[in-house]
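This report concerns only the one structure given below.
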Amino acid sequence: MAGVLQTYLPFLAANWQLVLMALLAAAVLHLLLERCRTASIPVPAPPAAVAAAAAAATITTAATAATPWRDEVAPEDDDLTPPPDVLLPRVPFSMESISPEEMVRRSEQFYKQMNGRRSVRAFSRAPVPRQAVESAIRAAGTAPSGAHTEPWTFVLVESPEVKAAVRRIVEDEEEVNYRKRMGQKWVDDLAPLGTTWLKEYLTDAPFLILVFRHAYGVDEQGQRFTTYYNEISCNLACGVLLAALHQAGLATLTSTPLNCGPRLRQLLERPANEKLVLLLPVGRPADDCTVPDLTRRPLERIMVVL
Ligand code: IYR
């Protein structure tokens, strides 16, 4: 001990201000981290690469490799029970009681109805009730979403001028897609469907629905918030939307126009956090409408039972 003191005392004496400052800085940092932990203030996340490396390291430890069925668990001293003041009020929930036979009947009926859905590229100009389309959008908005953040906006276009502006942008970009961006293989793969960059349906269909995904949320105060699983949430909402429109007797085309997102977002005055995921013309099929003679894979080919 005396030896150690003899070695370091001259250094400490000469640099005591520096040593004191370092000790103080360490104490302040410790206090801050402790406060973050106890008040559950999120500690700034590590850079993604570091986090991924840490996760990989955890997964490959001997303990987890031996028990792969175990989920990662939070440290035992972390109490994850939400305090009562953040919990939403809870309400009773029940579902209509349906006999097994009726379940089978309804399920088969729904399948038959959905099996009649086709992507339509020739629309009648005849009007369809806006209320029917609005209710379908309401149904889409019932889709589950990560942490119930509802990361979607459905832009309903009815104005002929806006439809024409959408069509100009889409045809403009699609011509470049077909000629350059998609490449010969993609164009060849689409040849059996007979699609081109000309999109008359965008001005013929009485409505267009453009679905925008919120890559992040923005609250009333302009604060950003995380929209967990926003991609799958929007995809689920789009599925519900297609089913709802179809069962109301409305035809659609699930179009995802490549490279049109930013220009359409600007045209429709959507904010920067919203990304275009789907453009759906909605209406009735044209009288002379045809669709490719497709078949669907049977249940045995799409389902595995264990
Ligand atoms: N978006 C283009 C091309 C297209 C791509 C796929 I994948 C399709 O299934 C159909 C079309 C278009 O709408 O023409």
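The values are calculated or read from the model by the stated rules, or taken from the named source; none is laboratory data. Since we're looking at a predicted model, the values are computed, not measured. Positions of Cβ are backbone-derived with ideal geometry, glycine not excepted, and every protein chain shown enters the neighbour counts. Just so you know, the surface numbers come from the protein's heavy atoms only, side chains and all, with ligands and any DNA or RNA stripped out. Shrake-Rupley method; radii C 1.70, N 1.55, O 1.52, S 1.80 Å.
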For the stretch 109-290, count all C-alpha to C-alpha pairs, find those more than 25 Å apart, and express that count as a whole percent of the total. 36
Dipole size in debye (nearest 20) for the stretch 178-306 around its Cα centre, Lys and Arg Cβ +1, Asp and Glu Cβ -1? 460
Among 149-156, 102-109, how do they line up by average Cβ neighbours within 10 Å per residue, starting with the highest? 149-156, 102-109
For peptides 240-251, 257-268, sequence by mean Cβ density within 10 Å, most packed first: 240-251, 257-268
Probe 1.4 Å, protein heavy atoms only - accessible area per residue of the stretch 129-225 in square angstrom: 56
Please enumerate, by chain and number, the lysines with C-alpha under 28 Å from the C-alpha of K185, excluding those fewer than 8 residues away in the same chain. K199, K275
Regarding the stretch 184-226, what's the average projected area of the Cα-atom convex hull, expressed in nm²? 6.2
With all protein chains modelled, accessible area of V305 [1.4 Å, Å²]: 110
Of the options Q223, L202, N115, report the single residue whose Cα projects farthest towards the positive end of the charge dipole of the stretch 109-290 (beta-carbon charges: Lys, Arg +1; Asp, Glu -1). N115
What accessible surface, in Å², does a 1.4 Å probe find on Y178, ignoring ligands, DNA and RNA and rounding to the nearest 10? 40
Which cross-chain or sequence-distant (5 or more) residues have an amide H under 5 Å from the amide H of C260, H modelled 1.01 Å from N in plane? none
